[in-house]
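Structure first, then comments.
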Ligand SMILES: [Ca+2]
Ligand SMILES: [Ca+2]
Ligand SMILES: [Ca+2]
Ligand SMILES: [Ca+2]
């Protein structure tokens, strides 16, 4: 006879005999989950007031409709014992209280007793996160107060052994934010409390800890990796506010004069710098050009000392987000001896009387040289104005 057929017959007998068999008592026991096989649940003979010989003669046995048999009856000792280790979480999940119900059946005469074994929870599960790593990419321009939802932890235990609280570390930029929903579920979030700065810290790792209330307390952790995305919050900065250099006049077109340089603490296009001359008036744009990408200043026109001794060039550095800085290049022009003296006869006598005395002025001449310094000094010599200057000697 199969066990199933036997069970069905016993059940039929219950219904037919229930009217004249008697339920003497109802017994309840309480055991913690995870007790090892053979552990004593209770002295059923004593608690039901039955002698061991009655258990034997009545062929006392357990009847349960549950296919899993967690408890067994030891007739010789009159004890209920753990047959299979009971996992409260597998048996009842989050339902409380958790109990196993069965009957003890005896024959001659027929009797049955209801037994309830309540299974109490032990803290045998730490809270855990399904994914123990969470990744966020957050712009450094994110405004404090914004909340990022985190993954919740799960603890299959119940009551105080279940999930109780969370903690988040470090808290220099983010703080933990817990919000209870209408349905009782909790939303776990981290709130930005202090602005991020990619230029100071691009990556950060926080640890979210979930705690239960068991004794001892168990915990589970997840790592939160935050990548701070760049915003264009830094303007370019020139390495010098004023650059000074000099060139000789008539410098060949295309000659490099000086290189200016600016830095930008941002990244990517937020730090890509282009240079340009901002003087709009005067001759500067016709004489000088700065290369957009490198900041090289070159001569593109004729530099003439006699027109200007010094040029002040304003150069702007802009990043692609439109932030700028400005510097000044002071270019002194060094004179070259590029002008010969010019002699102009201001007045002269066409005829000289033969008795003219030595020292008589016969011609007034004007000698000019536009060069400066030594290059502009003119020397005149006697002997029909054989003029000489450093120019003429060259
Ligand atoms: Ca737990
Ligand atoms: Ca448990
Ligand atoms: Ca920038
Ligand atoms: Ca930035």
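Laboratory data are not the source of any read-out in this text; all were calculated from the coordinates shown. Owing to the predicted nature of the structure, the values given are computational and were not obtained by experimental measurement. Cβ sites come from the backbone with ideal geometry, for glycine too, and all protein chains shown count toward neighbours.
Couple of notes before you dig in:
- The convex hull defined by the C-alpha atoms of region 237-334 has an orientation-averaged projected area of 5.7 nm².
- Shape box of region 82-154 [Cα atoms, principal axes, largest first, Å]: 84, 21, 14
- Gyration tensor verdict on the chain (Cα atoms; rounded if a/c is under 1.5, prolate if a/b is larger than b/c, oblate otherwise): prolate
- Each label was represented as a point 7 Å from its Cα along the Cα-to-Cβ direction; for residue 171 and residue 253 these points are 7.0 nm apart.
- Averaging the Cα positions of each part gives two centres, and for region 294-326 and region 176-238 these lie 48 Å apart.
- In the chain, the DSSP beta bridges split such that about 75 percent are antiparallel, to the nearest 5.
- Relative contact order (%) - region 62-168, alpha-carbon pairs under 8 angstrom, separation at least six: 22
- Segment residue 347-residue 27, length gained on full extension (0.36 nm per residue, minus Cα span): 100.4 nm
- Gain in span if fully extended, residue 130 to residue 179, counting 0.36 nm per residue against the direct Cα distance: 15.6 nm
- Once C-alpha pairs closer than 8 Å and six or more residues apart are averaged by separation and normalised to the residue number of the chain, the relative contact order reads 10 percent.
- Annotation: extensible slack from residue 47 through residue 151 equals 32.5 nm (criterion: 0.36 nm per residue apart, minus Cα-Cα distance).
- Region 237-334: antiparallel DSSP beta bridges as a percent of all, rounded to 5: 75
- Binning the alpha carbon pair distances of region 128-229 at 5 angstrom intervals from zero yields the distribution 3, 12, 22, 24, 16, 12, 6, 4, 1, 0, expressed in whole percent.
- Helix 3-17 vs. the chain, principal-axis angle (Cα, 0 to 90°, nearest 10): 60
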